[in-house]
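A.B. asks: First the structure, then my questions, so here it is.
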Amino acid sequence: MPRIYRLLFLILIFTDCSIALTQIDITRSHISPMLVAIPEFMGDKSVGSKLRKIIINDLESTGLFRVIDKDAYIDTLNLDAVPTFASWRQINATSLIFGSIDKGGEYYSVSFKMWDVFSQSEVLNKESFQVSKKNPRRAAHKISDEIYKKLTGEEGYFNTKITYISSMVSNDGRVLRRIAIMDQDGYNHNYLTDSSRLVLTPRFSPSVESILYLSYGKKSQPKVKKINIKTKFSSVLGSFDGMSYAPRYIDKNSVLLSVVKGGVSNIHTLNLDSMEQRQITYCSSICTSPSISPDKKYVVFNSDMGGTRQLYVMDLSGKNVERISFNPGYYSSPVWSPRGDLIAFTKMLPGKGFFIGVMRPDGSGERLITRGWLVDGASWAPNGRVLMFEKESAPKKGKGIYTIDITGNNTRFLKTPYEASDPAWSNSLG
Amino acid sequence: MVSKKLFHLVVVALLVLSSCQNKSSDVSNYSSKSAPGTQEELDRNVGNFILFGLSSANLNNESIKNLDRQADWLKRYRYINVIIEGHCDERGTREFNLALGARRANVVKSYLISAGIDSSRITTISYGKERPVILGSGPEIWRQNRRSVIVLN
């Protein structure tokens, strides 16, 4: 690790003095999380307690916050009164979060406030918003998003879904793969396909209504298919002669994907309304894994056109192709950050293994943030601050999904019922 | 030390020899048993696969020899259509390996066509790294997983 990062590790900047609110700077490498107090909610105690647990789990999963154990709380709160800040400062709380939940008819009515203990001010106040009783978890994630945004200045990513490939070994030793979907915190886990076909690389539509993925037929060429998450209805995307694969949405109406012709992979665009398709690369070997920039102007992709696997950027029209990866090793699986500032990738360094890294879109500032015996399939949280990826830590250890901050901090394993690979993170459900 | 090394060498040599013997006896057994024009006969008498180098879709002399035998077999059974599967070892990324598998399958298809096999008899499927023939890790296992396989359609 370069000395500058070691130094950064040691620098802890908690407070931004220019404003009253105590914020956490998530672009830095932190050594200790911000302390937060969240007393039990008023009103419906059982639902309130559930929501509180979900919020605590969300906040602590970021590694940026630690919720102080409620046994340490000295004071009790009322939403209508100003807290006695001294008693919260005494237990080192930086922020204080408190809410109430009332059982209405069809909906829960939720209110909550956040106070900055140091400046002794109210910084968040959400009054009686309605929450469907069917999915109270979503309300909790919404509150977490609000808190996260206030304390970091970045959009939260707690109201998101994850899709991935679940691999189960059957009694007769076959690997059965299904597309799975779950909330960002592992709850509401479901399967979208049965195990009759080999499926790979699921990717969400921007609106999180459907998923593009690669599906094998019994004896026919594998094709990109689209499945509706609610109805589970699936159909082949477009009408390409050869194998189509490596799909990613450009926007809700168009898609990037690779198509094989004569063994050669090239990148195409497909308009989902008109079904008009257009080839945008003319490689003689492999051009694949396209990913669009958030301004929809550029595409990063993977090619061996220069002899080894490298990353290239071009206009969405296919013009102005430029190689951006130049350091030692082989590069694959590029994904453009939703913020536009970085491209994540997989890198293989012979003799050293696989790495997930990030670089700027012009190829500068390359930084490797995690390694493993095999890591691949990086996918961004919608705020561009966290990456999800698959990892096999050692041969035959089994694949699992992990998240990591782009600072390289806070690696977390996501528990899944079976082996998991090919993770994709959805946009925020709002 | 030296004698220990020597002992290991002898053991390895014996193992290799014995496995060779097994293989040749397998072939003679099955060649008489396997029905002609079946997957089994192809597998046993001709060999249904060829191997590729690291990150490569190029043919070497040995693979060309094997492909010539596969082409001869296909000429013998003109009613048989085949699928050429392209495979990679596990030490690669998912999508690039799908691309590489497609390259490998197509190189084999092209060679067979050039050897006189009708292109309409051949389709290709890339499995990338998803269907290794041998589970496990290590250079020898990876070498055997970088392959194309002919499957009767």
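The values are calculated or read from the model by the stated rules, or taken from the named source; none is laboratory data. Remember, it's a predicted structure, so these values are computed and weren't measured experimentally. Heads up, the Cβs are rebuilt from the backbone with ideal geometry, glycines too, and the neighbour counts pull from every protein chain shown.
A.B. asks: I need the helices (runs of 4 or more DSSP H) fully contained in region B:51-153, keeping only those with at least 3 residues that are within 11 Å of chain A (Cβ to nearest Cβ) and not small (Gly, Ala, Ser).
C.D. replies: Here the list reads B:94-114.
A.B. asks: Please go through region A:260-279 and pick out each residue that is buried (at least 18 other Cβ atoms within 10 Å of the Cβ) and farther than 25 Å from A:Ser207 by Cα.
C.D. replies: A:Val260, A:Gly263, A:Val264, A:Ser265, A:Asn266
Residues checked against (1) at pLDDT 95 or above; (2) of a type in the set (D, E, K, R); (3) under 19 Å from the mean Cα position of the chain (by Cα):
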site: A:Asp362; (1), (2), (3): yes, yes, no
site: A:Ser379; (1), (2), (3): yes, no, yes
site: A:Ala394; (1), (2), (3): no, no, no
site: A:Gly400; (1), (2), (3): yes, no, yes
site: A:Pro417; (1), (2), (3): yes, no, no
site: A:Ser421; (1), (2), (3): yes, no, yes
site: A:Leu429; (1), (2), (3): no, no, yes
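A.B. asks: Hey, does region A:213-228 have a residue that's without any contact (Cβ under 8 Å) to a residue 12 or more places away in the chain, part of a loop (DSSP other than H, G, I, E, B) and in contact with a strand residue (DSSP E or B) (Cβ under 9 Å, 6 or more places away or on another chain)?
C.D. replies: Yes, because at least one residue in region A:213-228 is without any contact (Cβ under 8 Å) to a residue 12 or more places away in the chain, part of a loop (DSSP other than H, G, I, E, B) and in contact with a strand residue (DSSP E or B) (Cβ under 9 Å, 6 or more places away or on another chain).
A.B. asks: Check region A:28-45 and report whether any residue there is among the basic types (Lys, Arg) and assigned to a loop (DSSP other than H, G, I, E, B).
C.D. replies: yes
A.B. asks: Still on this structure, please answer the following. How many residues does region A:373-400 contain that are crowded, with 20+ Cβ neighbours inside 10 Å and within 14 Å of chain B (Cβ to nearest Cβ)?
C.D. replies: Qualifying residue count for the region: 11.
A.B. asks: A further question on this structure: Of the residues that sit in region A:179-214 and are crowded, with 19+ Cβ neighbours inside 10 Å and within 14 Å of chain B (Cβ to nearest Cβ), which one is nearest to the chain's Cα centre (by Cα)?
C.D. replies: Among those residues, the one meeting the criterion is A:Arg203.
A.B. asks: Okay, moving on. Name every residue in region A:269-295 that is under 27 Å from the mean Cα position of the chain (by Cα), more than 14 Å from chain B (Cβ to nearest Cβ) and in a strand (DSSP E or B), in order of residue number.
C.D. replies: Correct list: A:Thr269, A:Leu270, A:Asn271, A:Ile292.
A.B. asks: Could you go through region A:340-348 and let me know if any residue there is among the hydroxyl-bearing types (Ser, Thr, Tyr), out of contact with any Leu (no Cβ under 8 Å at 6 or more places or on another chain) and outside any strand (DSSP E or B).
C.D. replies: Looking through region A:340-348, none of the residues is among the hydroxyl-bearing types (Ser, Thr, Tyr), out of contact with any Leu (no Cβ under 8 Å at 6 or more places or on another chain) and outside any strand (DSSP E or B).
A.B. asks: Within region A:84-132, which residues are surrounded by 14 or more Cβ atoms within 10 Å (Cβ to Cβ), within 14 Å of A:Leu51 (Cβ to Cβ) and in contact with a helix residue (DSSP H, G or I) (Cβ under 9 Å, 6 or more places away or on another chain)?
C.D. replies: A:Ile97, A:Gly99, A:Ser100, A:Ile101, A:Tyr108, A:Val110, A:Phe112, A:Lys126, A:Phe129, A:Val131
A.B. asks: When region A:301-352 is examined, which residues are found to be more than 23 Å from A:Lys391 (Cα to Cα), hydrophobic (A, V, I, L, M, F, W, C) and within 14 Å of chain B (Cβ to nearest Cβ)?
C.D. replies: A:Met305
A.B. asks: Tally up the residues in region A:79-98 that are without any contact (Cβ under 8 Å) to a residue 24 or more places away in the chain and of a type in the set (S, T, N, Q), please.
C.D. replies: Final tally of qualifying residues: 3.
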